[in-house]
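Contents: one structure, followed by commentary.
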Amino acid sequence: MNKIKFFCLASLMLISLSVKAQFHQDRSEYEYMFKAEMGYSAYVSNVGNPGAQGFYISDLRHMAGLNIINGVCVKQDFFVGLGLGYDYVARPDNITDGWHSALGFVDFDFRPLDEEWSPMVIAKLGAHYMMGNPNTYGTTIAPYAEVGLGVNWFFNYVLSNMERNYRSIYLEVAVAYTQQTAFIPVRFGIRF
């Protein structure tokens, strides 16, 4: 099963890099971008009822995950893309007792300033699927919603009257809801 996961991830990376090479010939107002994120989501509280849509996470379980996102950047300020994620959901005191989960989402972010350091607003909407968990409450697939703020750093920054630089590193903090549970994700990401 791990070989299948690795093969799928490697295939997606190769496809995205080849598509990026085609779209990266010259700078325009619309540019293909690839984002990679990793982070930690701290448990806040349960927000749903057992038996409703999604698995009811009844104990203190946190998530660590990795997201890859392909999308389009518009004038360096606005990004929209499709993303896939992998999360491991476990208790901090016993990380071996956890579940794997998959995430599919539409990713939005907005950087209002054309500066080297810029604030950013983010949102993710999609579905979250718990794999291999004891399904005592509801289904294992649930809506996923996230909103948050962050700070973005354009590395190799150039003057605004020269060629724009779309590559950046960012840190974001958000509030997320899935599986009838609220989390606070903190993520580090890179886009290029």
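The values are calculated or read from the model by the stated rules, or taken from the named source; none is laboratory data. All values reported here derive from a predicted model rather than from experimental measurement. Calculation scope for accessible area: heavy atoms of the full protein, side chains included, ligands and nucleic acids excluded. Shrake-Rupley method; radii C 1.70, N 1.55, O 1.52, S 1.80 Å.
Would you mind checking which residues have amide H under 5 Å from Arg61's amide H? H placed 1.01 Å from N; only 5 or more apart, or other chain.
Those lying under 5 Å, H to H, from Arg61: there are none.
With an 8 Å cut-off on Cα pairs and a minimum separation of 6 or more residues, tell me the relative contact order of the range 67-112 in percent.
Details: 80 pairs, mean separation 18.2, N = 46.
Result for the range 67-112 is 40 percent.
Once you sort the root eigenvalues of the Cα gyration tensor of the range 35-125 as a ≥ b ≥ c, which label holds: rounded (a/c under 1.5), prolate (a/b larger than b/c) or oblate (the other case)? Can you show the working numbers first?
Numbers: a/c = 2.31, a/b = 2.12, b/c = 1.09.
Prolate is the answer for the range 35-125, as a/c is 1.5 or above and a/b outweighs b/c.
Would you kindly find the accessible area of Ser41, with a 1.4 Å probe and non-protein molecules such as ligands, DNA and RNA excluded, rounding to the nearest 10 Å²?
Looks like 10 Å² after rounding.
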